[in-house]
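Working notes, beginning with the structure itself.
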Amino acid sequence: MNSTIGLRIALVGDKGNHAEPAHPKIESLLTELGTSAQWLLTEKITSEADLDGFHGIWVVPGAPYLNEAGVQHAVRVARESGVPFLGTCGGFFSALIGNALVNGVEEVVDVVEDQERYMALATPFTCSFTGQKASLTVKKSSRLAAIYGHADGLQEVFHCSWSLSREFMDAAVKGEMEFVAWDADGAPRALELKDHPFFLASLFQPELSSTATDVHPIIAQFLAASEQRALGTEASNDTTSAAL
């Protein structure tokens, strides 16, 4: 990644909560890639303005977050302003909740403000995937399949033991959002937002199988999309300055 263009990535989450192994992994990976990343703790995000100046938003693992309302500000900025968005593990849940809010899904009422209502939507995995790889079925016409270069024989690392209920997930995906990957039981494990520069969320964690010399293609494409936004922002600023 080219840090000279001023690329800035927001890491939205609660650093160190739940002893998430992904947090130091993400920090180390982005540092080794020369990518500037800043933690935005969920309790410190009070409005969309807190996301100003970022070229990519990564909602990192760690659900339930200390302040889901702060996470939803980030999801909304990415969605409405075209900022590249990646959500992994808990970020997958927040992307779903954000879509449910947009589409007026009844089950999401008060979930953002009430952690007990949030956890009432939770359901355990039928088997434990903690730290293990699991097989995926990927929609062949999806952005995700294009990122992988194929849709067959895929396996990804999970590091969680619960999900949101299938009933809620099915109700939450409406409009421009769609599921694009499923586990062996047919449960949704990745989603995309159509007609967006880059909006992808997965319950699996590509950061856990990434190194600086072998970056997972999902992360590589997220950073590439963020870099394109940074370049576009820089060009726009140069044009504005020249006109003054």
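The values are calculated or read from the model by the stated rules, or taken from the named source; none is laboratory data. All values reported here derive from a predicted model rather than from experimental measurement. Here the Cβ positions follow ideal geometry from the backbone for every residue, glycine too, while neighbour counts run over all protein chains shown. The area values use the complete protein model at the heavy-atom level, side chains included, leaving out ligands, DNA and RNA. Shrake-Rupley method; radii C 1.70, N 1.55, O 1.52, S 1.80 Å.
Would a scan of region 129-140 turn up a residue that is surrounded by 18 or more Cβ atoms within 10 Å (Cβ to Cβ), modelled with pLDDT under 85 and either within 20 Å of the chain's Cα centre (by Cα) or part of a helix (DSSP H, G or I) (or both)?
There is at least one residue in region 129-140 that is surrounded by 18 or more Cβ atoms within 10 Å (Cβ to Cβ), modelled with pLDDT under 85 and either within 20 Å of the chain's Cα centre (by Cα) or part of a helix (DSSP H, G or I) (or both).
Condition check ((1) closer than 21 Å to Gly149 by Cβ; (2) buried (at least 24 other Cβ atoms within 10 Å of the Cβ); (3) polar (S, T, N, Q)) across all residues:
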{"residue": "Asp185", "(1), (2), (3)": "no, no, no"}
{"residue": "Lys194", "(1), (2), (3)": "yes, no, no"}
{"residue": "Leu203", "(1), (2), (3)": "no, yes, no"}
{"residue": "Asp214", "(1), (2), (3)": "yes, no, no"}
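Which of the residues that make up region 5-26 are in a helix (DSSP H, G or I), more than 15 Å from the chain's Cα centre (by Cα) and free of Cβ contacts under 8 Å to residues at least 60 places away in the same chain?
Selection gives Asn17, His18, Ala19, Pro24.
Taking region 151-174 on its own, how many of its residues are open to solvent by less than 60 Å² (accessible area, probe 1.4 Å), assigned to a helix (DSSP H, G or I) and closer than 28 Å to Ala19 by Cα?
The number of residues fulfilling the criteria is 2.
Give the residues of region 175-186 that are small (Gly, Ala, Ser), without any contact (Cβ under 8 Å) to a residue 60 or more places away in the chain and assigned to a loop (DSSP other than H, G, I, E, B), sorted by residue number.
Ala184, Gly186
Could you check Thr123 against (1) open to solvent by 60 Å² or more (accessible area, probe 1.4 Å); (2) in contact (Cβ under 8 Å) with a residue 24 or more places away in the chain; (3) more than 25 Å from Ile219 (Cα to Cα) and say which number it fails?
Just one mismatch for Thr123, condition (1).
Take the residues in region 46-61 that are in contact with a Gly (Cβ under 9 Å, 6 or more places away or on another chain) and surrounded by 22 or more Cβ atoms within 10 Å (Cβ to Cβ), then tell me which one is farthest from Ala74 (Cα to Cα).
Pro61
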